[in-house]
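Since the structure comes first, as structure tokens, the remarks are kept for the end.
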Amino acid sequence: MEERRKVKQIEKFDEDGNLEYTIIPNYKIHQNFMTQNEMKFYNYLISAVNELDKQHNIHLTIFAQVAVNRLIEVNNNRNSKLWENICDKSIDFVLYEKKLNKVYCCIELNDETHHEPKRIKRDEMLKKALNSGDVKMIFIEKQENYNVNEIMNTILECNKKAISLL
């Protein structure tokens, strides 16, 4: 049977230069850390975060592709289903407020996949779980171009409590 996927193989040779065996590594590096849409939005998000710093003195750091289990934990160790709900999920962008030493908000970039029933259910579960800890989730529809001021206003609007504490 022919191997359909392209797998990097490491060839091992004996001292005479003859192929002795081939190793197929268990892991490989993703070629793209973020999708093209995420990368495009990320560049606008950087500009928005820089403007928030200048205009509102809000010091945010952007983290990309954050594992959900780094943001929330299961409060009931007896329920492994709850762990399974979060263990393999990530959030596109997390904005972290340096002064308050806490997560300011989370951002999901909605592409076509976010309109599928399974993905809608996943997004609702994350929104509910994060909101229980006063972390707001922002969902932004994929666009050809973004408006930096709109991104800034959306970020400011999502977390008025945090703004008043700064």
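The values are calculated or read from the model by the stated rules, or taken from the named source; none is laboratory data. Keep in mind that what you see is a predicted model, and the values were worked out from it rather than measured. Every residue, glycine as well, gets a Cβ built from its backbone with ideal geometry; the counts of neighbours run over all protein chains shown. Just so you know, the surface numbers come from the protein's heavy atoms only, side chains and all, with ligands and any DNA or RNA stripped out. Shrake-Rupley method; radii C 1.70, N 1.55, O 1.52, S 1.80 Å.
Match the structure shown to one of the listed values [x] 13; [y] 44; [z] 36 of percent of Cα pairs over 29 Å apart, computed from it, and give that label.
[z]
Longest span of the chain, sites excluded, free of GluC sites (Glu not before Pro) in DSSP loop with at most 13 other C-beta atoms within 10 Å?
Details: sites that count: 2, 3, 15, 73, 144.
Formally, the longest exposed-site-free interval is 74-143.
Say R0 is 35 Å: what FRET efficiency, to the nearest 0.05, do residue 100 and residue 121 get from their beta-carbon distance?
Here the calculated transfer efficiency is 0.65.
Would you mind checking the pairs 54/98; 54/99; 28/136 and listing those with alpha carbons more than 24 angstrom apart?
Too far apart for the 24 Å limit: 28/136.
Find how much the distance from residue 90 to residue 128 grows on full extension, using 0.36 nm per residue of separation minus their present alpha carbon separation; answer in nm with one decimal.
On the way: separation 38, 0.36 × 38 = 13.68 nm, distance 1.51 nm.
Result for the pair: 12.2 nm of gain on full extension.
Need the list of aspartates and glutamates near residue 8 for cross-linking: C-alpha distance under 14 angstrom, and skip anything on the same chain fewer than eight residues off.
Residue 8 reaches no qualifying aspartates and glutamates.
Taking chymotrypsin sites (Phe, Trp or Tyr not before Pro) that fall in a DSSP loop and have at most 10 other Cβ atoms within 10 Å as cut points, what is the longest piece of the chain between them?
Answer - 34-166.
Using a cut-off of 13 Å between alpha-carbon atoms, which aspartates and glutamates can reach residue 81, once sequence neighbours fewer than 8 places away in the same chain are excluded?
Excluding near neighbours in sequence, the set is 73.
Counting only heavy atoms of the protein chains, get the accessible area per residue of the chain (1.4 Å probe) and round it to a whole Å² value.
73 Å²
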